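To keep things clear, I will list the structure first and then write my remarks on it.
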Amino acid sequence: MTMITTFFVIPSLEYYDEHSRFFSLIVRILSYFGPLVIILFYCSIFCAFLFLFYQYEKQRYTEFRISMLSEEVQSIAKANFDKKVVEIDGNGLGLLAESINEMINQAQKAIEEERRAKQIKNDLVTNVAHDLRSPLTSILGYLNLINNDQYRDEIELRYYTQIVQSKAERLHHLINDLFEYTFVQNKEILMVKAPINIEEMINQIAVQYRIQLQEAGMQVRQSTATENPITMGDGTKLVRVFENLIQNAIRYGKDGKYLDITIVEHEETIEVAISNYGQAIPSVDLPHIFDRFYRLEKSRSEYTGGSGLGLAIAKSIVELHNGAITVESTAMKTTFIVTLLKE
């Protein structure tokens, strides 16, 4: 193309050289530079065609990539989320490809969350049905015995009514836990926050459980390393957290004889550690200990286990206070650690 263009341009230059004094003057001036002018002339024409060729190929390449990108997006639109768009670096299409891939990742996460939510809902229905059916069956059975006068004397009648009452109380407790868990799962629940002295709160709760500790043959040992353990929170809900942890420590730590409560103040946080020295939590169970309806008793015994919602409720309440709750368990000691922000 350079040679062809030169073939047509040179006669035009000769024509203007003969008929234009101004152009002729310019040619004479340039003639002093000799071959350099000719080389620059050819190079300028060559570069002009090279630039046009580059722009043409760039446009073709962009159209090709847009076509490929369109095909990949159409494939993804058919719910083929395992496919990724090939990223193109250094241009606007690269940013577009990255954005599409990010959308794919978000869609995959949303699908996974939906599947998990569906599984959780199914588990919730199954577990609630299981926990409600057992006491209801007992209540109906004993009420039938009473209605049909199938008891020997008043003592046996009183025994039946006591069983019905205990089963009804268990149902009431379970339903309350279900409502509370559903309530605390709503992140927009109204919390009445006020300054709370964690050390004073723990002392009051420990006194309330003195009788239960004595009946379990346990002794509470408290240790504090604080000067101003104040946090902003909802006192009623935080009391629920520590009551649940102490109840668990009494239930599962009877063999250890001691229940230790340690309060440590850091620069920005307050840590409350509640420890018992009973049987260790198996390592396989530790990651699930705060899951709803999760119990170490696989038989879901109503005599040794609660509703299975207590720790899940405690975790939700702590997280509503922008805190954290963790558990550590060894062969000798199990510790629940609640971390709250200082005021």
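The values are calculated or read from the model by the stated rules, or taken from the named source; none is laboratory data. Treat the numbers as computed from the prediction; the structure is a model and nothing was measured. Every residue, glycine among them, receives a Cβ derived from its backbone with ideal geometry; neighbour counts consider all protein chains shown. We work out accessible area using only protein heavy atoms, side chains counted, and drop any ligands, DNA or RNA first. Shrake-Rupley method; radii C 1.70, N 1.55, O 1.52, S 1.80 Å.
Oblate is the label for the range 195-244, because the ratio a/c of its alpha-carbon gyration tensor axes (a ≥ b ≥ c) is 1.5 or higher and a/b is not greater than b/c. On full extension, the segment bounded by ARG60 and GLU112 gains 14.8 nm, given 0.36 nm per residue less the C-alpha separation.
Placing a label point 7 Å from the Cα of VAL9 along the Cα-to-Cβ direction, the residues of the range 43-58 whose backbone N falls under 12 Å of that point are 43-50.
In the complete set of protein chains, residue-level accessible area for LEU178 is approximately 40 Å², probe 1.4 angstrom. Computed from the Cα positions only, the extents of the range 129-232 along the three principal axes stand at 64, 40, 20 Å, in decreasing order.
The calculated FRET efficiency for LYS78 paired with THR330, based on their beta-carbon distance and R0 = 56 Å, is about 0.60. At full extension, ASN144 and MET103 could sit 8.8 nm farther apart than now, given 0.36 nm per residue minus the alpha carbon distance.
Placing pseudo-labels 7 Å out from each Cα toward the beta carbon at GLU200 and GLN219 gives an inter-label distance of 2.9 nm. If the segment from ILE163 to PHE183 were pulled out straight at 0.36 nm per residue, it would be longer than the present Cα-Cα gap by 4.2 nm.
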